[in-house]
Amino acid sequence: MTNLNRCAVVAWALVANAVFGVVRTYAQDDTTKASPATSKTCYRGLAATGCRRFILTELTLDKLLVGQNVTFTTNQTGSSLPYTSKPNQSRLSGEISLMTNRSLHTALGASLLLREAQEGGNVGVKLRYRRWLHRDGAALDIGAGLVSGRNDGSESRVLLFTSDVALNVGDYVGVTLGADTRSAGGNHKPLLYGGLRLGSQPAWIGAALFGIIYVIVRRGVG
């Protein structure tokens with residue numbers, strides 16, 4: 001096993017351990033619900049003392065930390081030719097999430113994901129967990145789901161696993177670590193990305209930028 005593959009395995013193990021820790025914490029968490037006075041829907045992340053539900057719009061720019069080129073034989077032109085698949089060195093993603101505070105410390109929800117890629121754009125969905133760390137809005141986010149991506153070396157599209165862990169402050173800014181897969185020649189390869197996330201405050205700016213990303217993605221796909 002190469003050092004690169006060892007790094008990828010360690011990264012996946014860290015993400016799996018974080019998810020396990022969150023599930024265990026949630027199982028032990030208090031079941032205190034938001035009071036009727038805080039049952040409103042907000043357009044930025046707030047704990048149960050401020051909102052029952054909240055909507056997030058976010059932009060993430062990340063860079064490749066672990067990933068390698070894959071060379072294989074393709075028959076797209078009718079003859080066997082070597083083809084080298086290269087992972088995206090950087091990515092721009094937009095997310096819109098609907099979250100519900102399940103207790104004073106825990107929120108659960110789902111996200112729609114749009115991601116810029118070499119082949120134009122990918123669309124996906126994620127389940128999302130948020131652990132409130134402080135009343136000022138600092139939080140730990142964990143998400144995992146599936147994204148539609150191209151099988152590099154062919155015209156077919158496949159569902160690929162995507163996950164991330166993020167630490168954010170007041171939904172203004174955060175840092176992210178993402179463990180994903182990509183398909184190259186029909187083989188799934190691990191990837192690790194790190195980056196910066198801009199939060200959904202004010203909400204209308206996030207929504208406008210999300211719409212711009214959508215237009216860019218649609219043009220790329222078309």
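Bear in mind that the values in this text are calculations on the coordinates, not laboratory data. In this text, all values refer to a predicted model and were calculated from it rather than measured experimentally. Methodologically, a virtual Cβ is constructed for each residue, glycine included, from the backbone with ideal geometry; neighbour enumeration extends over all protein chains shown.
Worth a mention:
- Each Lys or Arg adds one and each Asp or Glu subtracts one; over the other residues with Cβ under 9 Å from the Cβ of M99, this totals +3.
- Full-extension gain in nm, S148 to L108, via 0.36 nm per residue minus C-alpha separation: 12.1 nm
- Model label sites at L98 and V169, defined 7 Å from Cα along the beta-carbon direction, differ in position by 3.2 nm.
- Distant-in-sequence amide H partners of T106 (H built 1.01 Å from N, under 5 Å): W132
- Taking other residues whose beta carbon is less than 12 angstrom from the beta carbon of Y193, and scoring Lys, Arg as +1 and Asp, Glu as -1, yields +2.
- In order along segment 121-133, the Karplus-derived 3J(HN,Hα) couplings, from 6.51 cos²θ - 1.76 cosθ + 1.60 at θ = phi - 60°, round to x, 10, 10, x, 10, 9, 8, 9, 10, 10, 10, 6, 9 Hz, and Gly and Pro are given as x.
- Summing charges over all other residues whose Cβ lies under 9 Å from the Cβ of S163, with Lys and Arg as +1 and Asp and Glu as -1, gives -1.
- From least to most packed, judged by other beta carbons within 10 angstrom and beginning with the fewest, V215, V175 follow the order V215, V175.
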